[in-house]
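A quick write-up on the structure given underneath.
The values are calculated or read from the model by the stated rules, or taken from the named source; none is laboratory data. What you are looking at is a predicted structure, and each value in this text was computed from that prediction instead of being measured. For neighbour counting, all protein chains shown are included, and Cβ atoms are generated from backbone atoms with ideal geometry for every residue, glycine included. The area values use the complete protein model at the heavy-atom level, side chains included, leaving out ligands, DNA and RNA. Shrake-Rupley method; radii C 1.70, N 1.55, O 1.52, S 1.80 Å.
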Amino acid sequence: MRKRALLLGLTLATGLLTVAPTPSLAASPLGKLKPAMLSQGARLWLARPSSHQNAPRAQANPSFGTNVDANDPSRDLAGGQSETAIAAAGQRVVAAWNDISGALVQPTTSRRASVTGVGFSANGAHSFTDLIGLPNNDPNQQWSGDPTVVAVDGGRAFIVGSLYFPNSNFDNLDCSHPARFDVAVSVARVTTTGAVTFTNPIVAVPGGNLCELLQSPNPAPDIALLDKEWLSYDPASRTLAVSYARIFLTGARSGNGQVELVRAHVPANPAALTSAAFGNPVVVWPEEPTVINTGAYVAAAPGGTAYVAWERNIVSNLGGSGDPYVYIHVAAVAPGATSPSVGGPGRPVVVTRGQVNSSPQGGVKSLDGVVIAGYNRGIGQDFPRVAVDARLRSVIVEWNDASLHPLGDIFLRAFPLSLGSPGQIRKVNDDNSFALHFLPAVSVRADGSIVSSWYDRRRGGANSAVTDYFGEVRQTPTSQGQDFRITTGPTDWTKDSSIIVPNFGDYTDNASSGTRTWFTWSDGRIGVPQPFVDAR
């Protein structure tokens, strides 16, 4: 009964996961979680789909044009496939997304029980094969979404990262074995004929043991849930970097998120990668008593230095910390280092310092201070993205914030590799429409040009939920590019049906290979969210 009560105490309300004040949940370590800071994958694990959500519906004959659905909707068990990631090498492309179908399936060793969906294209994203999900050989665990993908060895392999959480059906747990809140990867090998095979889960970072929470009256003081992981790969040093937030559930901890990094050397045969290859976690930014740190993204530079960017004071800016602003930070961790060389608490680097209408310390107005129309998560966020421009020897950080108007713009700032003497903050979107600009992604082409993409509502106006996906290419951080529309058809998110929250995700993605870029976003033109892709 205690196990069931832990889940029954969690409900969905107004698009945000809220914790009902049941005695059993309040007394459990899971009651320390602050759901508004959690990823889509973690929220799915906490709360199964609600029968009160809208049923899927389809529009008549939607037009796709050059946009491609990486998923096969006819194979879905329910409506809700969003939060997309992508990697590309030549003509080979792997797209990944959160798939609500996996949350409905047992046993978790079935590929259909993978909340991490995957699609493969051998023709440059003109078409995709829906690979359904990732293999799993541990019935106590489940691929739980929040995907991230990197290409290895020119597309002969891809590595998919995901949350790897305990089986969400507690009655199926065998607590003679751990059931952990892990981050794991699976290596995809691609043959010359385009056949794709995945390895079983390779745990990159072990998290806390749920069985100990359920069974022990005195659980260990450092049990944690891992969340919001991201991968980056440096082919020069064969370094795979993984950033994430560690959310402590037990002990004298606030549970406000600790930003961490692990790295592994990828062997010549990527499928031979093992958990033992991943080093000890590096604490990039420690947990704070009243301030939430999360939304960490990583970029690996040639040679293996890892640059991690994240959002500080998200959600806690709404009253918990007493500071109404959020801060975008970046840090550098050198190869083999056990702490940041710059950007840690001793030498913080606040990306948003000097932003228009910011505080003297670099605090900016956040999109978490507005409810976004049609976004069933409710409030927004300002998670940064980061990329290394090897040609220009720069670190590029990109984010959205509400400095100029409540629904945000996309901003970019370049730093030297030392993270000293930053360049000017530049607004990426070229309109001043007061419409929503949200969830940016950034990558760098082989010629050093910087590619940005984001959700954009300028065509509908500031009070519209009609959403497109836009992009821009600039030759240098300070040279403005011309915005272009990527979507060939818009989505009105107030009219879309979904049982996944958030319906259009916590992030989008783009990936460059050579001088071509592949874009992916959640698109609702068939009536439910789907992982769409286009390239140019």
Residues that are aliphatic (A, V, I, L, M) and farther than 17 Å from residue 247 by Cβ, drawn from the stretch 283-315: 298, 299, 300, 301, 306, 309
Selection status of residue 233, open to solvent by 10 Å² or more (accessible area, probe 1.4 Å) and either aromatic (Phe, Trp, Tyr) or modelled with pLDDT under 95 (or both): yes
Of all residues making up the stretch 188-222, the number that are among the charged types (D, E, K, R) and closer than 22 Å to residue 281 by Cβ: 2
Answer residue from the stretch 249-259, given it is part of a loop (DSSP other than H, G, I, E, B) and among the polar types (S, T, N, Q) and is most open to solvent (accessible area, probe 1.4 Å) among those: 254
Restricting the stretch 146-172 to residues that are at pLDDT below 95 and touching a helix residue (DSSP H, G or I) at 6+ places or on another chain (Cβ under 9 Å), the residue that is farthest from residue 84 (Cα to Cα): 171
Failed condition for residue 441, given (1) farther than 27 Å from residue 150 by Cβ; (2) buried (at least 19 other Cβ atoms within 10 Å of the Cβ); (3) not acidic (Asp, Glu): (1)
Evaluation of residue 326 against (1) at pLDDT below 95; (2) touching a Lys or Arg at 6+ places or on another chain (Cβ under 8 Å) (one fails), failing number: (1)
The stretch 260-276, subset open to solvent by 10 Å² or more (accessible area, probe 1.4 Å) and in a strand (DSSP E or B), residue nearest to residue 443 (Cα to Cα): 263
Residues (among the polar types (S, T, N, Q), modelled with pLDDT of 90 or more and open to solvent by less than 60 Å² (accessible area, probe 1.4 Å)) located in the stretch 47-90: 67, 71, 81, 82, 84
Filter result (touching a Lys or Arg at 6+ places or on another chain (Cβ under 9 Å) and open to solvent by less than 10 Å² (accessible area, probe 1.4 Å)) within the stretch 444-464: 448, 449, 450, 451, 452, 456
Tally of residues being without any contact (Cβ under 8 Å) to a residue 60 or more places away in the chain and in a strand (DSSP E or B) across the stretch 72-115: 1
Qualifying residues in the stretch 111-133 (those that are open to solvent by less than 20 Å² (accessible area, probe 1.4 Å) and aliphatic (A, V, I, L, M)) - the one nearest to residue 174 (Cα to Cα): 113
Test result for residue 320, at pLDDT 95 or above, part of a loop (DSSP other than H, G, I, E, B) and over 19 Å from residue 225 (Cα atoms): no
Of all residues in the stretch 325-341 being part of a loop (DSSP other than H, G, I, E, B) and free of Cβ contacts under 8 Å to residues at least 40 places away in the same chain, the one that is surrounded by the fewest Cβ atoms within 10 Å (Cβ to Cβ): 336
Residue that is farthest from residue 427 (Cα to Cα), among those in the stretch 359-369 that are in contact (Cβ under 8 Å) with a residue 12 or more places away in the chain and more than 26 Å from the chain's Cα centre (by Cα): 361
Residue 103, sole failed condition from (1) touching a helix residue (DSSP H, G or I) at 6+ places or on another chain (Cβ under 9 Å); (2) surrounded by fewer than 23 Cβ atoms within 10 Å (Cβ to Cβ): (2)
Residue match in the stretch 208-227 (condition: under 18 Å from residue 300 (Cα atoms), in contact with a helix residue (DSSP H, G or I) (Cβ under 9 Å, 6 or more places away or on another chain) and surrounded by 22 or more Cβ atoms within 10 Å (Cβ to Cβ)): no
Filter result for the condition that a residue is in contact (Cβ under 8 Å) with a residue 40 or more places away in the chain and open to solvent by less than 30 Å² (accessible area, probe 1.4 Å), over 409, 401: 401
Candidates 279, 319 - the one that is free of Cβ contacts under 8 Å to residues at least 12 places away in the same chain, surrounded by fewer than 18 Cβ atoms within 10 Å (Cβ to Cβ) and closer than 24 Å to residue 39 by Cβ: 319
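Let's see how each residue does on (1) in a loop (DSSP other than H, G, I, E, B); (2) farther than 22 Å from residue 148 by Cβ; (3) within 20 Å of the chain's Cα centre (by Cα); (4) not polar (S, T, N, Q):
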| site | (1), (2), (3), (4) |
| --- | --- |
| 464 | yes, yes, no, no |
| 471 | no, no, yes, yes |
| 477 | yes, yes, no, yes |
| 489 | yes, yes, no, yes |
| 502 | yes, no, yes, yes |
| 507 | yes, no, yes, yes |
| 512 | no, no, yes, no |
| 532 | no, no, yes, yes |
Yes/no for residue 294 being outside any helix (DSSP H, G or I), open to solvent by 60 Å² or more (accessible area, probe 1.4 Å) and in contact (Cβ under 8 Å) with a residue 12 or more places away in the chain: no
Counted residues, the stretch 491-526 - those being surrounded by fewer than 21 Cβ atoms within 10 Å (Cβ to Cβ) and on the phi > 0 side of the Ramachandran plot: 1
Count of residues meeting criterion [crowded, with 20+ Cβ neighbours inside 10 Å and among the polar types (S, T, N, Q)] in the stretch 198-207: 1
Residues located in the stretch 480-490, provided they are touching a Ser or Thr at 6+ places or on another chain (Cβ under 7 Å) and crowded, with 18+ Cβ neighbours inside 10 Å: 486, 490
